[in-house]
Amino acid sequence: NHFRYSVSVILKQSYMCKVVIFMFAFVFLDCVYFFLLFVASMTDFKKRIIPNKISFLMLNIAIFKIILQWNFSKAYIFSVLGGFFLPLIFIGIPFFINNSMGAGDLKLSAFSGLFLGFRLSIITLCASFFSCALFAIFTGIYNFALKKPKTKTLPFAPFLLLGSLYAIISKYFF
């Protein structure tokens, strides 16, 4: 009887240990994701280009996260695929119609959507577009007031970083 009790305690503790390790792994992957997105944002802000190396590192991180939390339910598969295709649709339309979004923005948002999943991808895109629109409005007013020339393009990666930060915070705290 005592042996059975100690085995069950050990099994419960080992299960809790696995849960803690997986939680740490997901938090670590979120940190790596934010670091890569921060590097992409700074590069996009300074040079108006997002290197393919960063985009494909984000793709690898997203695939690794998918493998870690693999679940054979249809809901999970649709969440991952929706997270990937939703940014392609929202950012792909401006990209193909009038080239207002760059190919780096398209890849970065698609791989971010793959990493985040469908629900967080919607939150990220809405927050990104909203923050970009606010920044564009205030920049336009500022340039008009000081009679400066119009800003022709804005880097989108910093706004994707803000939107992702908001989505991840809402995942952990709301």
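The values are calculated or read from the model by the stated rules, or taken from the named source; none is laboratory data. Please read these numbers as outputs of a predicted model, since none were measured by experiment. In this analysis, Cβ positions are derived from the backbone assuming ideal geometry, glycine residues included, and neighbour counts consider all displayed protein chains. Only protein heavy atoms, including side chains, enter the accessible area calculation; ligands, DNA and RNA are left aside. Shrake-Rupley method; radii C 1.70, N 1.55, O 1.52, S 1.80 Å.
Values as computed for the structure displayed
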item	result
Residue list for region 97-148, filter: in contact (Cβ under 8 Å) with a residue 12 or more places away in the chain, aliphatic (A, V, I, L, M) and closer than 27 Å to Leu57 by Cα	Met101, Leu106, Leu108, Ala110, Leu114, Leu116, Leu120, Ile122, Ile123, Leu125, Ala127
Answer from Thr151, Thr139, Thr124 - the residue that is open to solvent by 70 Å² or more (accessible area, probe 1.4 Å) and of a type in the set (Ser, Thr, Tyr)	Thr151
Residue match in region 92-110 (condition: under 19 Å from the mean Cα position of the chain (by Cα), modelled with pLDDT of 85 or more and on the phi > 0 side of the Ramachandran plot)	no
Answer from Ile77, Ile50 - the residue that is open to solvent by less than 70 Å² (accessible area, probe 1.4 Å) and outside any helix (DSSP H, G or I)	Ile50
Any hit, region 58-72, residues being modelled with pLDDT of 90 or more, in a helix (DSSP H, G or I), buried (at least 22 other Cβ atoms within 10 Å of the Cβ) and not small (Gly, Ala, Ser)	yes
Residue list for region 19-77, restricted to those being closer than 19 Å to Leu165 by Cα, aromatic (Phe, Trp, Tyr) and touching a Phe, Trp or Tyr at 6+ places or on another chain (Cβ under 9 Å)	Tyr33
Phe24 vs. criteria modelled with pLDDT of 80 or more and surrounded by 14 or more Cβ atoms within 10 Å (Cβ to Cβ)	no
Hey, Phe3 at pLDDT 85 or above, open to solvent by 40 Å² or more (accessible area, probe 1.4 Å) and over 13 Å from the mean Cα position of the chain (by Cα) or not	no
Single match in Phe159, Phe84, Phe118 (criterion: on the phi < 0 side of the Ramachandran plot, modelled with pLDDT under 85 and either within 14 Å of the chain's Cα centre (by Cα) or buried (at least 20 other Cβ atoms within 10 Å of the Cβ) (or both))	Phe84
